[in-house]
Amino acid sequence: MHAGLTIGEFATLTHLSVRTLRRYHESGLLVPATVDATSGYRYYAAAQIPSAQVIHRLRQLDVPLAEVKQILATDDPLLRADLVAAHLRRLEDTLDRTRAAVVSLRTLLRTDNDELPVSLRSVPARTVAAIRGTVGFDGVHQWYAAAMAELDAAFSPDERTGPPAGRYANELFTHGSGELTVFHPVREPRTSGRIEVVELPAVELAIAVHAGPHDDIDVTYGRLGSWATTHTMTVAGPVHETYLVGPRDTNESAQWRTEIGWPIFRLTPG
């Protein structure tokens, strides 16, 4: 008579199917305490239940079997926590991308979209306090947050003469990497750290305002670009964004307002 739990009993206690337990045994992930040499029956120890439950939770989170094995083999609790945290961050990134795609698709599938309000604006040349850099598309948000925090620290609200803004080179979208410029319009621009005094040239823009969170801002980009190419002559200049209300102003994403400017050519500005 064997001391221990049969595979059926162990499956009931851990909510792992017999088929799954056999697969984990074959892969070396969860080896039974004993295996009967004659019958081949698997027997598990009660002490293996916590390990089985950990494996179950990790697999529910889609942790690959190889990583589960690495986590279980790690004696250092801090290292084990770091391994799990790294996978959770990857899951969060995936969830963010999925959520953004769902929001964007819902917007695209709506049949009640009104015509996008678009205005034409002549923006004069300006001298601003700016930070510039060449950034890969996947690193835009992190780079933007750090650059804008540096600008915020250098110029108090009393010094600013308008909302923050940015210019995004076409190469960022076409080649996955391009120049970004984020800036504050201020009364007296000055250099500090990465901050430069930058002369922005005058530009003609077709303007649309994206309302709400940025998950489906690409839809507004597409609609504005379609309008601009249909009604005007576009030019190969950087796209402009002005952050009228954003995450740095309020956590209520429904209140966010991002102004998108598409460069165009007009014979009679104004």
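Just so it is clear, none of the values below were taken in a lab; they were calculated from the coordinates. All values reported here derive from a predicted model rather than from experimental measurement. Here the Cβ is made from the backbone with ideal geometry for all residues, glycine too, and neighbour counts use every protein chain on show.
Across Pro124, Pro213, Pro238, mean-square fluctuation computed from a Gaussian network of the chain (C-alpha pairs under 10 Å connected) peaks at Pro124. Whole-Hz Karplus values for the range 46-51 come out as 4, 5, 7, 4, x, 4 Hz, taken residue by residue from phi with 6.51 cos²θ - 1.76 cosθ + 1.60 and θ = phi - 60°; glycine and proline positions read x. Loop sites here are trypsin sites (Lys or Arg not before Pro) outside DSSP states H, G, I, E and B with no more than 15 other Cβ atoms within 10 Å. The longest part of the chain free of them is 1-109.
Just to confirm a number: summing +1 for Lys and Arg and -1 for Asp and Glu over residues other than Ile7 whose beta-carbon lies under 14 angstrom from that of Ile7, what do you get? Intermediate values should be presented prior to the final figure.
On the way: positive: Arg19, Arg22, Arg23, Arg42; negative: Glu9, Glu26, Asp36.
Around Ile7, the charge tally is +1.
The relative contact order of the range 163-270 comes to 33 percent, based on Cα pairs under 8 Å that sit 6 or more residues apart.
What relative contact order, as a whole-number percentage, does the chain give when Cα pairs under 8 Å and 6 or more residues apart are counted? Provide the component values of the computation, followed by the final result.
On the way: 386 pairs, mean separation 44.4, N = 270.
After rounding, I find 16 percent.
Each residue of the range 178-183 was assigned a 3J(HN,Hα) from its phi angle through the Karplus curve 6.51 cos²θ - 1.76 cosθ + 1.60 (θ = phi - 60°); the sequence is x, 7, 10, 10, 10, 8 Hz, with glycine and proline shown as x. Listed values for the range 17-24 are Karplus-derived 3J(HN,Hα) couplings in whole Hz (6.51 cos²θ - 1.76 cosθ + 1.60, θ = phi - 60°), namely 5, 4, 4, 5, 4, 5, 5, 5, and x replaces Gly and Pro. Among the listed values [x] 206; [y] 197; [z] 128, the one computed from these coordinates for volume of the Cα convex hull per residue in Å³ is [y]. Across His175, His184, His87, mean-square fluctuation computed from a Gaussian network of the chain (C-alpha pairs under 10 Å connected) peaks at His175. Farthest toward the dipole's positive end in the chain, which of Leu58, Gly246, Leu30, given Cβ charges of +1 (Lys, Arg) and -1 (Asp, Glu) about the Cα centre? So the residue furthest toward the plus end is Leu30.
Say we join alpha carbon atoms closer than 10 Å with springs in a Gaussian network model of the chain; which of Thr191, Thr14, Thr181 then has the biggest fluctuation? Maximum among the listed residues: Thr14.
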